[in-house]
1. Report, by residue number, each residue of segment 211-241 that is in contact with a Phe, Trp or Tyr (Cβ under 7 Å, 6 or more places away or on another chain) and surrounded by fewer than 24 Cβ atoms within 10 Å (Cβ to Cβ).
2. Wholly within segment 139-258, which helices (runs of 4 or more DSSP H) include no fewer than the required count, namely at least 3 residues that are of a type in the set (Gly, Ala, Ser) and within 18 Å of the chain's Cα centre (by Cα)?
3. How many residues, within segment 20-39, are surrounded by fewer than 16 Cβ atoms within 10 Å (Cβ to Cβ), at pLDDT 95 or above and small (Gly, Ala, Ser)?
4. If a residue must be out of contact with any Phe, Trp or Tyr (no Cβ under 8 Å at 6 or more places or on another chain) and either surrounded by fewer than 24 Cβ atoms within 10 Å (Cβ to Cβ) or closer than 15 Å to Gly142 by Cα (or both), how many such residues does segment 195-210 contain?
5. State whether one or more residues within segment 109-129 are of a type in the set (Asp, Glu) and either at pLDDT below 95 or buried (at least 19 other Cβ atoms within 10 Å of the Cβ) (or both).
6. Looking only at segment 149-170, decide whether some residue is surrounded by 21 or more Cβ atoms within 10 Å (Cβ to Cβ) and aromatic (Phe, Trp, Tyr).
7. Quickly run through segment 40-92 and pick out the residues that are among the aliphatic types (A, V, I, L, M) and modelled with pLDDT under 95.
8. Filter segment 1-14 down to the residues that are at pLDDT 95 or above and touching a helix residue (DSSP H, G or I) at 6+ places or on another chain (Cβ under 8 Å) and list them by number.
Amino acid sequence: MTAMSLPDRRELELILDGARRVAREAGALVLSGWRMGGAVRKKGPVDLVTEYDLRSEELVRRRLREEFPDHVVVGEEHAEEDDASAGELVWYVDPVDGTTNFAHGHPFFAVSLGLCLRGEPIVGVIVAPALGMEWSAARGLGTTRNGAPCRVAVTAELGEALAATSFPYDKPAGEKSNFRQFEVFYRRTHGVRRCGATALDFAMTADGTYAFYWGYDCGPWDACGGAVLVEEAGGTVTDVLGGIMRPPQGGLLATNGLLHAAALDLLREVRAVAG
């Protein structure tokens, strides 16, 4: 069987339009439950799932299959049951990225959709309904925020950069705790923000709010949509060692490109000090 080639521009535009429709519907559903209470349970010691995670994923799965019957869907809440190897075009879905924020009434949460072709991110849509924000991108088409083209930050000095990070849910010790890295980057930059929604960290790196983002234990549903946004806005996405991970997952660094080498160097410096 011949490997599928990248869809042409018109096909990508149609896919992107369909993904926006699905993400907006899911965003409206999630917003209807924001600050309204509802069932919450734990997947881990501090990893929450709400009824709106489940309802949003159900909606997204159904709607993506209606829009794209030949595509595979992998959702965060049923990832263990989904088979990403079952097709060349795979949607990675986070039905509510930032569930802890959502459960506590914080507005930083989003629906994130990322389409990969054999692991390569090619379409991404992130909708943050409580913020009234939508970011979208497709390979070769650029990135938009609320319909207007956007680009990564032009900052070329770490000391002038605003950065973002995220902390793993399981609160590990050692490097993945991020605390030592957070302190070093905090002292070397304008500041570091930790807003609790990885997809939004990618989106705000794509639109120039942050000069870079780094984090650990990212799932492909967290990162695939955001990776397209950053790269199509002129930025760079690698793992935290500088390698290319496809699909993007694990420890990741997303930057404006200008600061990628400097951020990698600083991460190495912290690892060396930590032994």
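The values are calculated or read from the model by the stated rules, or taken from the named source; none is laboratory data. Note that the structure is predicted; figures quoted are calculated from it, not measured. Every residue, glycine among them, receives a Cβ derived from its backbone with ideal geometry; neighbour counts consider all protein chains shown.
1. Val240
2. On the way: elements: 179-188, 198-206, 220-232.
Ranges flagged: 198-206, 220-232.
3. 2
4. Qualifying residue count, segment 195-210: 2.
5. There is no residue in segment 109-129 that is of a type in the set (Asp, Glu) and either at pLDDT below 95 or buried (at least 19 other Cβ atoms within 10 Å of the Cβ) (or both).
6. No, because not a single residue in segment 149-170 is surrounded by 21 or more Cβ atoms within 10 Å (Cβ to Cβ) and aromatic (Phe, Trp, Tyr).
7. Within segment 40-92, the first condition is being among the aliphatic types (A, V, I, L, M), and the residues that meet it are 40, 46, 48-49, 54, 59-60, 64, 72-74, 79, 84, 86, 89-90.
Correct list: Val40, Val46, Leu48, Val49, Leu54, Ala79, Ala84, Ala86.
8. Residues satisfying the conditions do not exist here.
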